[in-house]
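Shown next, in structure tokens, is the structure this report addresses.
The values are calculated or read from the model by the stated rules, or taken from the named source; none is laboratory data. All figures in this text were calculated on a predicted structure; none of them were measured in a lab. No Cβ is skipped: glycine too gets one built from the backbone with ideal geometry, and neighbour counts run over all protein chains shown. Keep in mind that these areas ignore ligands, DNA and RNA; they rest on the heavy atoms of the full protein, side chains included. Shrake-Rupley method; radii C 1.70, N 1.55, O 1.52, S 1.80 Å.
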Amino acid sequence: MLTQLPGTDDLIALSIEGGLDKADVERAMALLDAALERGGKVHLFVEVKGFTGMPLDAWLADLGHGFRYLTRLKQFGRVAIVSDQNWIRATSRLESMLLPFVTYQVYMPEQRDHALAWAKGEVPEPTPPVLTITGPEPDGILTFEVDGRITSEAVEAFAAHIAGLALADRSLRVLARIRRYDGFDPALLVDPRTLDLKLSLLSHVARYALVGGPDWMGRLATRANPLLKMELRHFPEGQDSAARTWLREGVAPV
């Protein structure tokens with residue numbers, strides 16, 4: 001089923017849930033045609049939930065319209081695709097790679113609000129911050145939160161924050177909160193700055209609390225703790241308070 005969401009003259013916002021028929025495809029293309037005829041950039045926000053497919057006549061209609069748009073790709077602006085299905089997100093990324101002049105931004109359902117705001121032009125960055133940092137607080141706790149894929153830019157921002165701290169005489173306690181972890185850029189494995197950052201940070205850390213994240217992170221923390229100079233402990237998601245209590249124990253105030 002196709003539902004048109006509130007948009008603007010240059011933004012088409014659609015929600016797709018379940019299957020689509022030919023009438024849905026024709027309706028969506030009519031909206032796109034009207035926006036393109038106005039002559040400016042056209043931005044798209046498409047939310048796909050539980051897509052179950054289309055009959056043959058709908059696919060043929062989609063392909064027919066799609067070929068017509070190949071000559072107007074430069075008119076497409078911000079394109080945001082939100083889906084709860086991995087294959088939809090993967091297909092959207094592939095299509096984005098194949099089409100010149102058009103770049104899709106693909107989002108998980110929990111990123112919907114940011115995706116819509118970006119498609120509207122209300123926020124400048126296509127993705128919300130992957131890494132947010134606060135502190136150190138008066139009790140010496142430095143908190144950072146991971147929400148997504150760790151990029152080189154995120155690591156550089158973290159390094160800049162650490163570099164701005166007077167760490168020589170400080171014993172930090174770190175609270176790492178994992179909201180969502182989508183892996184990291186492979187380039188980080190061979191970036192010497194990443195290793196320098198780790199060594200610089202860890203040399204000043206007394207305790208490190210890891211909250212949430214995939215199960216393997218908890219197992220890794222348990223196995224790594226005896227090998228580290230600092231104390232490392234994993235806490236299940238939502239146990240920030242317990243993690244903070246543990247971080248404050250047995251460490252002299254800063």
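Summary table below
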read-out: Test result for residue 53, touching a strand residue (DSSP E or B) at 6+ places or on another chain (Cβ under 8 Å) and either aromatic (Phe, Trp, Tyr) or farther than 20 Å from residue 101 by Cα (or both); value: yes
read-out: Residue match in region 144-153 (condition: open to solvent by 40 Å² or more (accessible area, probe 1.4 Å) and modelled with pLDDT of 90 or more); value: no
read-out: Residues (assigned to a loop (DSSP other than H, G, I, E, B) and open to solvent by 40 Å² or more (accessible area, probe 1.4 Å)) located in region 109-130; value: 121, 122, 123, 124, 125, 127, 129
read-out: Top-ranked residue of region 73-101 - restricted to ones that are in a helix (DSSP H, G or I) and over 26 Å from residue 18 (Cβ atoms), ranked as least open to solvent (accessible area, probe 1.4 Å); value: 73
read-out: Candidates 133, 141, filtered to the one that is open to solvent by less than 30 Å² (accessible area, probe 1.4 Å) and modelled with pLDDT of 80 or more; value: 141
read-out: Contacts under 6 angstrom Cβ, first residue in region 29-44 being touching a residue at least 40 places away in the same chain (Cβ under 8 Å) and within 18 Å of residue 3 (Cα to Cα), partner outside any strand (DSSP E or B) and open to solvent by 40 Å² or more (accessible area, probe 1.4 Å), 6 or more apart; value: 43/10
read-out: All positions within region 203-213 that are modelled with pLDDT of 85 or more and either open to solvent by 50 Å² or more (accessible area, probe 1.4 Å) or within 17 Å of residue 183 (Cβ to Cβ) (or both); value: 210, 212, 213
